[in-house]
Ligand code: PXP
């Protein structure tokens, strides 16, 4: 592709582990899924080690790091325990996310404004350890400015509110949420932040968000794993890659 920057696909394998854990035992193996996803066109693998270990476990992170040839993006809450694990796994990147034990999934962006003092040493330690830090934030100007002031090189914009509005057929809200993402991606770029996005994306929303040239990586999990039940994981990843490429090419040609 020419023109704007390439758009990377990070495949999140958490829910392969969710299915494994439903029965105990070793199958399906998230490492096997990661290798297959890379073969099918993923540019990296994302996994979230939650404090309750409901899907990915410590050993999965180590095995993923050892097995895959592409970057590993380690999602985690900013806690001392996670920091120690991340520094010992030494992934390519860490995405700091908020975590509530009772939530079904990551329900909002990090409070980078209120949590500034808490987050700062985590970003510094991870960066010193050679890990590229990304902050999962709402598409919001104050959050972007705080992320830049914290010295994180990357932000990941939470696409959940937009995707939810699209899914509910709430067109006006979906358009205003998309506009927030568009403005935030431009602002991130203006602040010198590398801009990623993710949460709740499917083929259609990935195609649309691919039109924002400042966004260079999408992290996608739940939809891909669900779709894999019907078409297989490799095909699900290939179709996602195609949707993203089409979205970006259409924007370039526009
Ligand atoms: N990015 C971040 C920071 C996340 O926490 C998640 C969910 O774990 C995702 C992306 C992927 O979201 P989904 O599974 O809805 O595609």
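Derivation of every value follows stated rules applied to the coordinates shown; laboratory data play no part. Being a predicted model, the structure only gives us computed values, none of them experimental. Please note: Cβ atoms are built from the backbone with ideal geometry, for glycine as well, and neighbour counts cover all protein chains shown.
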Legend entry - Alpha-carbon centroids, the stretch 158-232 and the stretch 104-148: separation in whole Å: 19 Å
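Shape verdict for the stretch 1-114, please, from the Cα gyration tensor: rounded (a/c under 1.5), prolate (a/b greater than b/c) or oblate. Walk me through the intermediate numbers first.
Details: a/c = 1.57, a/b = 1.09, b/c = 1.44.
Oblate shape, in that a/c is at least 1.5 and b/c is the bigger or equal ratio.
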Legend entry - Where only alpha carbons of the chain are counted, the Rg and the Dmax (Å): 17.1, 50
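Defining a contact as two alpha carbons under 8 Å apart and six or more residues distant in sequence, what relative contact order in percent does the stretch 1-104 show? All intermediate terms of the calculation are to be shown ahead of the outcome.
Details: 150 pairs, mean separation 24.5, N = 104.
Reported relative contact order: 24 percent.
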Legend entry - Most mobile listed residue (118, 55, 164) in the chain, GNM with C-alpha springs under 10 Å: 118
Legend entry - Stokes-Einstein D (µm²/s) once Rh is taken as the Kirkwood radius of the stretch 70-184 over alpha-carbon pairs, at 25 °C in 0.890 mPa s: 165 µm²/s
Inset, instruction - Compute the relative contact order of the chain as a whole-number percentage, counting only Cα pairs closer than 8 Å that sit 6 or more residues apart in sequence. - result: 20 percent
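Taking neighbour Cβ counts within 10 Å as the exposure measure, how do 189, 127, 236, 69 sort from fewest upward? Write down the numbers at each step before the final one.
Numbers: 189 18, 127 15, 236 23, 69 6.
With the sparsest Cβ surroundings first, the list reads 69, 127, 189, 236.
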Legend entry - Fewest-first sequence of 123, 215 by Cβ atoms within 10 Å of each Cβ: 123, 215
Inset, instruction - Within 10 Å of each residue's Cβ, count the other Cβ atoms and sort 94, 163, 195 from fewest upward. - result: 163, 195, 94
